[in-house]
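S.K.: Could you have a look at this structure, given as structure tokens, before my questions?
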Amino acid sequence: MAFPSHDRSRRVDEDDPVEQMISRTGCAELHYAVQECMAEYQDWRACQKQVGTFKDCMMNFQNARKEQLMKQQSTSTESAPT
């Protein structure tokens, strides 16, 4: 029985879409800190400080993004012809 081969057409240095998304948030270094902690301890409970810091960063980004979208929405609503 033949097994399907992995798709190796992607460049090795091409970023993962999830990593690209995290990089745009400004929280990439904190994400890597969580990954390093998990690799070292292999127990998420030992990494709560890193997880919490990463979570806070992501929440700050999401809140800022939400505010930005709300401002854009209100600006486009105000400038729309009636």
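S.K.: Give the residue list of trypsin sites (Lys or Arg not before Pro) in the stretch 10-59 that are DSSP loop and have at most 14 other beta-carbon atoms within 10 angstrom.
M.R.: Arg10, Arg11
S.K.: Explain nothing, just compute: Karplus ³J(HN,Hα) = 6.51 cos²θ - 1.76 cosθ + 1.60, θ = phi - 60°, for every residue of the stretch 44-54 in order, whole Hz, x for Gly and Pro.
M.R.: My calculation for the stretch 44-54 gives 4, 5, 7, 10, 4, 4, 5, 4, x, 5, 5 Hz in order.
S.K.: Compute the signed sum of charges (Lys and Arg +1, Asp and Glu -1) over the other residues within less than 14 Å, Cβ to Cβ, of Lys71.
M.R.: Net local charge, Lys71 excluded: 0.
S.K.: Let me check I've understood the local charge: for His31, count other residues with C-beta under 13 angstrom from its C-beta, Lys and Arg +1, Asp and Glu -1. What total comes out?
M.R.: Surrounding charge for His31 is -4.
S.K.: Taking neighbour Cβ counts within 10 Å as the exposure measure, how do Ser76, Ser23 sort from fewest upward?
M.R.: Ascending number of Cβ neighbours within 10 Å: Ser76, Ser23.
S.K.: Taking a ≥ b ≥ c as the square roots of the Cα gyration tensor eigenvalues, with a/c under 1.5 meaning rounded and otherwise prolate when a/b beats b/c, else oblate, which class fits the stretch 21-75?
M.R.: prolate
S.K.: Let me ask you something else. Applying 1/(1 + (r/R0)^6) with R0 = 22 Å to the Cβ-Cβ distance of Ser23 and Ser74, what FRET efficiency is obtained, to the nearest 0.05?
M.R.: The value I calculate is 0.15.
Computed from the coordinates by the stated procedures, all read-outs in this text should not be read as laboratory data. These numbers were taken from a predicted model, which means no experiment stands behind them. With ideal geometry, Cβ positions are generated from the backbone for all residues, glycine too; neighbour counts draw on all protein chains shown.
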